[in-house]
């Protein structure tokens with residue numbers, strides 16, 4: 001499921017908006033949660049006991065970083081939440097098992113850091129875009145979350161395994177099944193907000209419908225959002241705006257209301 005088109009303008013916008021966000025909000029950069037040079041998080045604090053939002057970037061496991069995604073922190077920070085932006089080792093150096101393990105370790109580290117402010121977070125929400133959504137769902141599989149936000153997610157990795165993306169990540173059938181959120185129930189089926197852009201490939205729409213149906217079968221609440229006019233990258237930029245429906249859904253996950 002490669003994403004076609006010229007993505008450079010989007011990545012330039014991501015970088016510029018991220019620089020603006022990091023300049024506007026106090027944070028601790030590159031806190032290390034593991035031995036690999038990319039096993040770091042950026043942590044934006046809030047008051048003790050505030051909700052925690054953990055965000056995982058996309059890039060088909062082979063590119064991008066937390067530094068390209070800092071702009072997503074603005075909405076939750078203005079809502080009073082703490083935010084952790086996760087970096088992880090990339091393919092082909094790291095296989096999917098290693099990447100998933102790193103992201104889960106990052107989540108545990110962020111939770112400990114937030115709790116170290118004086119009180120356990122009131123609510124804990126994970127989120128991500130594209131393969132970041134798959135990795136956020138991997139957090140949900142082993143951690144009791146209050147909510148999960150997924151944008152343009154990959155929930156069934158078998159089609160990815162059969163695409164040229166697999167030349168980098170090198171999944172076999174068992175690995176694809178082991179890390180497909182569609183096949184792995186969450187530790188706690190709480191609330192899922194799943195969004196996809198109207199202009200995305202049909203496969204992204206199919207996968208979201210399937211994952212939403214599975215989440216409901218697991219007993220969780222589901223909000224599906226089909227963003228009109230958006231593609232695989234423009235959808236993330238909606239999180240720049242407090243008055244967007246997607247931002248409102250994220251605030252609901254974080255506050256419970």
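No lab work stands behind these numbers, since they all come straight from the coordinates. Computed from a prediction, not measured in an experiment: that's the story for all the values here. In this analysis, Cβ positions are derived from the backbone assuming ideal geometry, glycine residues included, and neighbour counts consider all displayed protein chains.
If you build a Gaussian network model of the chain, linking Cα atoms that sit under 10 Å apart, which residue out of 17, 203, 39 swings the most?
Its mean-square fluctuation being the largest, the pick is 203.
Note the full-extension length gain between residue 158 and residue 112 as 0.36 nm times their separation in residues minus their Cα-Cα distance, in nm to one decimal.
Values: separation 46, 0.36 × 46 = 16.56 nm, distance 3.40 nm.
Contour length minus Cα-Cα distance gives 13.2 nm.
When the chain is modelled as a GNM with alpha-carbon springs shorter than 10 Å, which of 102, 35, 143 fluctuates the most?
35
Give, in nm to one decimal, the length gained when the segment between residue 29 and residue 244 is fully stretched (0.36 nm per residue of separation minus the Cα-Cα distance). All intermediate terms of the calculation are to be shown ahead of the outcome.
On the way: separation 215, 0.36 × 215 = 77.40 nm, distance 2.78 nm.
Full extension of this stretch gives 74.6 nm more.
Where in region 28-46 does the amide nitrogen come within less than 17 Å of the point 7 Å from the Cα of residue 101, taken along Cα to Cβ?
Residues 33-40 qualify, since their backbone N sits under 17 Å from the label point.
Which order results if 221, 244, 156 are arranged by neighbouring Cβ count within 10 Å, fewest first?
Ascending number of Cβ neighbours within 10 Å: 221, 244, 156.
Among 108, 136, 46, which one moves the most in a GNM of the chain with springs linking Cα atoms closer than 10 Å?
In this elastic network of the chain, the residue with the biggest mean-square fluctuation among 108, 136, 46 is 108.
For region 1-108, what D do you get in µm² per second when you plug the Kirkwood radius from alpha-carbon pairs into Stokes-Einstein at 10 °C and 1.306 mPa s?
Translational D for this selection: 109 µm²/s.
Please compute one quarter of the surface area of the Cα convex hull for region 111-257 and express it in square nanometres.
9.4
Which of rounded, prolate, oblate describes region 64-177, given a ≥ b ≥ c as roots of the alpha-carbon gyration tensor eigenvalues and a/c under 1.5 marking rounded, otherwise prolate only if a/b is larger than b/c?
prolate
Taking other Cβ within 10 Å of each residue's Cβ, how do 255, 21 sort, fewest first?
255, 21
Binned at 5 Å from 0, what are the whole-percent values of the Cα-Cα distance distribution for the chain, short to long?
Spelled out per bin, shortest first, that is 1, 6, 15, 20, 21, 19, 12, 5, 1, 0.
Do the sum for the chain: with -39,500 (n - 2.57) for every DSSP H run of n ≥ 4, divided by all residues, what is the mean residue ellipticity at 222 nm, to the nearest 500 deg cm²/dmol?
Calculated at 222 nm, the ellipticity per residue is -11000 deg cm²/dmol.
Normalised by the residues of the chain, what does the relative contact order come to in percent, with Cα pairs under 8 Å and at least six apart?
Across the chain, relative contact order equals 19 percent.
Once a ≥ b ≥ c are taken as the square roots of the eigenvalues of the Cα gyration tensor of region 9-71, is the result rounded (a/c under 1.5), prolate (a/b larger than b/c) or oblate (a/b not larger than b/c)?
Working: a/c = 1.92, a/b = 1.19, b/c = 1.61.
It is oblate, given that a/c is not under 1.5 and a/b is not larger than b/c.
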